[in-house]
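The values are calculated or read from the model by the stated rules, or taken from the named source; none is laboratory data. The shown structure was predicted, so the numbers you read here are calculated from the model rather than taken from an experiment. Using ideal geometry, Cβ is built from the backbone for each residue, glycine included, and neighbour counts are taken over all protein chains shown. Note: areas computed on protein heavy atoms with side chains; ligands, DNA, RNA excluded. Shrake-Rupley method; radii C 1.70, N 1.55, O 1.52, S 1.80 Å.
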Amino acid sequence: MLVAAAVCPCPPLLVPPVAAGAAPELDGARAACTDALGVLAAARPDRLVVVGPAEQSGRGPHPQGARGSFRGFGVDVDVWLGPERGPAPERPLPTSLAVAAWLLDRIDWSDAPIEGLGVGEPLEPERCIQTGRGIAARAERVALLVMGDASACRTLKAPGYLDERAAPFDAEVARALGAADVAALQALDAELAYELKASGRACWQVLAGAAEGADLGGSLLYEDAPYGVGYVVATWS
C-alpha cells in the first residue's frame, strides 16, 4: 500500500556541477526536494520505488545500486541508486533517475530498499494507472519518489517555445499534485501533455494509480518555471 509520495522535477540542472554558474537559480527547488524526501523518510516505508521518464533504453526496472552518470552533460559525476554501489550496468540509469539518485544521496537515504522504474513518456494513461496499482501492491508500506517536469513551453525562450496552453496546464498539474487529487491526475490529457513537452505526465499517472484508496493528503512545496519549464515539488502522506 502506498503510504507516502514525493514529486520532484528532474532537470539535470538540479545537480550543481551540471548547472555550474547558474546553480543558485534552482536553490529553492533543491531545498523543496530535500524537504519532500524528508516526508518519505518519516513514513518509514518498507520499499521506495523511484519512477521517472525514460527513453526506450532506460525503461523497465533498475535495481538498487544501479549507476547513472552526468558525463553526457560535461561533468565527471556518477551516482548510484541507493547506498550500495553495483557493477557497471548494461543499462545505466536514465537521466531522471540519475537526478533522483543524486537527491537521495544528499540526504544519505538508507531508510528502505530502493528500486527504480523508467517510464516511457508515451505510455497510455490506463497502463500508467495499472503500473501504479502494481507498485502499491509490492509491500505493506510503499513510498514513491516521482520524477518529472511540467510543460516546457512557458516562455519564448523555453525549449518548446511559448504555448498559451502551457500555463493553465501547469496550474492544474500543480493544483492536483498539491491536493493529492487522484482523479484529476488520472484524467490528464496525454496528447496535450505531449504537445507541451510535459515529461512528468506518465509518472504522475503512475502515482495516481498507486494512490487509489490510500486516502493521502497533499502539500505543494514549490512551483515555478525557470528557463520556461514548469517545475513542481509536492508531497503526499
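Where in segment 138-179 are there GluC sites (Glu not before Pro) that are in a DSSP coil and have at most 13 other Cβ atoms within 10 angstrom of their Cβ?
Working: sites: GLU140, GLU164, GLU172; in loops: GLU140, GLU164.
Of the GluC sites (Glu not before Pro), the ones in loops of segment 138-179 whose Cβ has at most 13 other Cβ atoms within 10 Å are GLU140, GLU164.
Can you pull the percent of segment 81-237's accessible area that's carbon plus sulfur, 1.4 Å probe, other chains left in place? All intermediate terms of the calculation are to be shown ahead of the outcome.
Numbers: 3340 of 6880 Å².
That share works out to 49 percent.
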What length, rounded to one decimal in nm, is gained on full extension from GLU126 through to ALA42, with 0.36 nm per residue of separation minus their alpha-carbon distance?
27.2 nm
Classify segment 1-104: rounded, prolate or oblate, from the alpha-carbon gyration tensor (a ≥ b ≥ c, eigenvalue square roots; a/c under 1.5 rounded; otherwise prolate if a/b is larger than b/c)?
oblate
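Report, for the chain, the % of DSSP beta bridges that are antiparallel, rounded to 5. It would help to have the intermediate numbers written out before the result.
Numbers: 15 of 33 bridges.
Within the chain, antiparallel bridges account for around 45 percent of the total.
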Hey, could you get me the Stokes-Einstein D for the chain, Kirkwood radius over alpha-carbon pairs, 25 °C and 0.890 mPa s, rounded to whole µm² s⁻¹?
142
So how much slack lies between SER57 and ALA171, counting 0.36 nm per residue of separation and subtracting their Cα-Cα distance, in nm?
37.9 nm
Could you give me the ³J(HN,Hα) list for segment 111-122, computed from phi with Karplus coefficients 6.51, -1.76, 1.60 and θ = phi - 60°, whole Hz, x at Gly and Pro?
7, 6, x, 10, 9, x, 9, x, 10, x, 4, x
Taking θ as phi - 60°, what are the ³J(HN,Hα) couplings along segment 137-151 by the Karplus curve (6.51, -1.76, 1.60), each to the nearest whole Hz, with x for Gly and Pro?
8, 6, 7, 5, 10, 10, 10, 10, 10, 10, 9, x, 9, 7, 5
If the chain between ARG106 and TYR194 were fully extended at 0.36 nm per residue, the gain over the current Cα-Cα distance would be 28.5 nm
dims of segment 198-237, Cα set, principal axes, largest to smallest, nearest Å -> 36, 20, 6
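Is the shape of segment 66-108 best called rounded, prolate or oblate, per the rule: a/c under 1.5 gives rounded, else a/b larger than b/c gives prolate, else oblate, with a ≥ b ≥ c the square roots of the Cα gyration tensor eigenvalues? Could the numbers behind the result be given before it?
Working: a/c = 1.67, a/b = 1.12, b/c = 1.49.
It is oblate, given that a/c is not under 1.5 and a/b is not larger than b/c.
Give me the accessible area per residue for the chain, probe 1.4 Å, as a whole number in Å².
Details: 10070 Å² over 237 residues.
It amounts to 42 Å² per residue over the chain.
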At 1.4 Å probe size, what's the solvent-accessible area of GLU55? Round to the nearest 10 Å².
130
